[in-house]
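Peer 1: Dumping the structure here so I can ask a few things about it.
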Amino acid sequence: MSEHVTAAVLVIGDEILSGRTKDTNSGYIAHFLAQIGVDLREIRVVGDVEEEIVAAVNALRAKYAYVFTTGGIGPTHDDITADAVAKAFGVEIFEDPRAIALLLERIKPEDLNAARRRMARIPHGAELVDNPVSRAPGFWIGNVIVMAGVPFIMQAMLDGVAPKISRGTPMISATLDAHGLPEGAYGEGLAGLAKKHPSVSIGSYPRLQDGRFVNQVVLRCKESDALAAAEADVAALLEETAQRHRL
């Protein structure tokens with residue numbers, strides 16, 4: 001287990017950028033990674049444009065331990081993720097016999113047309129990512145894990161690769177109620193505490209409840225002692241500020 005394991009998510013598809021399809025995969029992956037101590041540092045969305053996918057893959061894989069991509073590995077002409085990833089790695093792409101065999105578990109040989117065979121095109125040197133739902137595989141090449149865009153298929157693929165992903169030190173957190181205070185009342189003090197406790201991520205998050213804003217302060221850290229110390233200071237700040245507002 002390493003203390004810091006980093007990752008990025010690359011969401012691919014014109015349908016996401018147009019608003020036609022809501023991206024739920026990023027949130028799912030973020031939650032999954034948090035549970036195993038992998039720090040998700042970045043999420044990008046790109047359309048079905050090869051050069052943009054290539055550029056994003058190369059930029060992200062150079063910065064982070066893992067890159068998880070979703071979308072663009074289906075049977076239609078706009079499913080170009082596999083080709084773009086192959087180009088990013090500078091390798092050939094070919095019809096993989098292993099992938100063909102998986103497709104034939106669900107598709108009759110006479111129904112394995114050109115469109116469906118596109119789902120068997122895998123970059124050279126990639127490991128297949130199992131798809132127990134429809135059998136059309138994803139793949140893993142270098143530090144890039146390529147998965148389907150359909151959420152329940154992506155989730156099944158993620159479960160399959162989970163045992164092979166390096167774990168980091170899990171993040172722990174604490175949430176404090178701001179006693180109905182507006183953020184402006186404690187913002188300056190909170191900034192000071194963020195500097196005092198640099199290893200702790202401290203954020204203030206408003207939400208609407210019963211027609212009014214209710215604020216919470218969330219603290220996140222990998223070290224329990226550091227988190228406890230910061231939590232005590234933030235709690236004292238909020239209590240002191242609330243007392244002043246009640247006078």
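The values are calculated or read from the model by the stated rules, or taken from the named source; none is laboratory data. All of these numbers come straight from a predicted model, not from anything done at the bench. All Cβ positions, glycine included, derive from the backbone under ideal geometry; neighbour counts span all protein chains shown.
A quick yes/no check of all residues on (1) assigned to a strand (DSSP E or B); (2) touching a residue at least 40 places away in the same chain (Cβ under 8 Å); (3) exposed (fewer than 14 other Cβ atoms within 10 Å of the Cβ); (4) of a type in the set (Gly, Ala, Ser):
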position: Gly27; (1), (2), (3), (4): no, no, yes, yes
position: Val45; (1), (2), (3), (4): yes, no, no, no
position: Ala56; (1), (2), (3), (4): no, yes, no, yes
position: Phe94; (1), (2), (3), (4): yes, no, yes, no
position: Ile100; (1), (2), (3), (4): no, no, no, no
position: Glu110; (1), (2), (3), (4): no, no, yes, no
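Peer 1: Looking at (1) surrounded by fewer than 18 Cβ atoms within 10 Å (Cβ to Cβ); (2) assigned by TED's automatic domain parsing to the domain that holds Asp14; (3) more than 18 Å from Gly13 (Cβ to Cβ), which is the one condition that is false for Pro137?
Peer 2: (1)
Peer 1: Same structure again: Of the residues Ile202, Ile153, which is crowded, with 16+ Cβ neighbours inside 10 Å and without any contact (Cβ under 8 Å) to a residue 24 or more places away in the chain?
Peer 2: Numbers: Ile202 fails: without any contact (Cβ under 8 Å) to a residue 24 or more places away in the chain.
That would be Ile153, the only listed residue that is crowded, with 16+ Cβ neighbours inside 10 Å and without any contact (Cβ under 8 Å) to a residue 24 or more places away in the chain.
Peer 1: I've got another one for you. Would you be able to say whether some residue in the range 74-86 is buried (at least 18 other Cβ atoms within 10 Å of the Cβ) and part of a strand (DSSP E or B)?
Peer 2: No: the range 74-86 contains no residue that is buried (at least 18 other Cβ atoms within 10 Å of the Cβ) and part of a strand (DSSP E or B).
Peer 1: In the list Ile36, Ile16, Ile73, which residue meets the criterion of being modelled with pLDDT under 95 and either among the aliphatic types (A, V, I, L, M) or assigned by TED's automatic domain parsing to the domain that holds Arg116 (or both)? Let's see the steps before the verdict.
Peer 2: Details: Ile16 fails: modelled with pLDDT under 95; Ile73 fails: modelled with pLDDT under 95.
The conditions single out Ile36.
Peer 1: Here is a check on your reading of the model: is Ala156 under 30 Å from Ala34 (Cβ atoms) and in contact with a Phe, Trp or Tyr (Cβ under 8 Å, 6 or more places away or on another chain)?
Peer 2: Working: under 30 Å from Ala34 (Cβ atoms): yes; in contact with a Phe, Trp or Tyr (Cβ under 8 Å, 6 or more places away or on another chain): no.
Spelling it out, it is not the case that Ala156 is under 30 Å from Ala34 (Cβ atoms) and in contact with a Phe, Trp or Tyr (Cβ under 8 Å, 6 or more places away or on another chain).
Peer 1: Looking at the range 189-197, can you tell me whether even one residue there is over 22 Å from Ala65 (Cβ atoms) and under 24 Å from the mean Cα position of the chain (by Cα)? Please lay out each step first, then the result.
Peer 2: From the range 189-197, those over 22 Å from Ala65 (Cβ atoms) are 189-197; that's our starting set.
Checking which are under 24 Å from the mean Cα position of the chain (by Cα) leaves us with none.
No, that holds for no residue.
Peer 1: May I ask you to say which residue of Ala194, Ala185 is touching a Ser or Thr at 6+ places or on another chain (Cβ under 9 Å), over 27 Å from Leu40 (Cβ atoms) and either surrounded by 13 or more Cβ atoms within 10 Å (Cβ to Cβ) or at pLDDT 95 or above (or both)? Please lay out each step first, then the result.
Peer 2: On the way: Ala194 fails: over 27 Å from Leu40 (Cβ atoms).
Unique residue meeting the criteria: Ala185.
Peer 1: Does Arg118 fit the bill of being in contact (Cβ under 8 Å) with a residue 24 or more places away in the chain and buried (at least 18 other Cβ atoms within 10 Å of the Cβ)?
Peer 2: On the way: in contact (Cβ under 8 Å) with a residue 24 or more places away in the chain: yes; buried (at least 18 other Cβ atoms within 10 Å of the Cβ): yes.
Criteria met by Arg118.
Peer 1: Please count how many residues of the range 207-239 are in contact (Cβ under 8 Å) with a residue 12 or more places away in the chain, outside any strand (DSSP E or B) and of a type in the set (D, E, K, R).
Peer 2: So the count comes out to 5.
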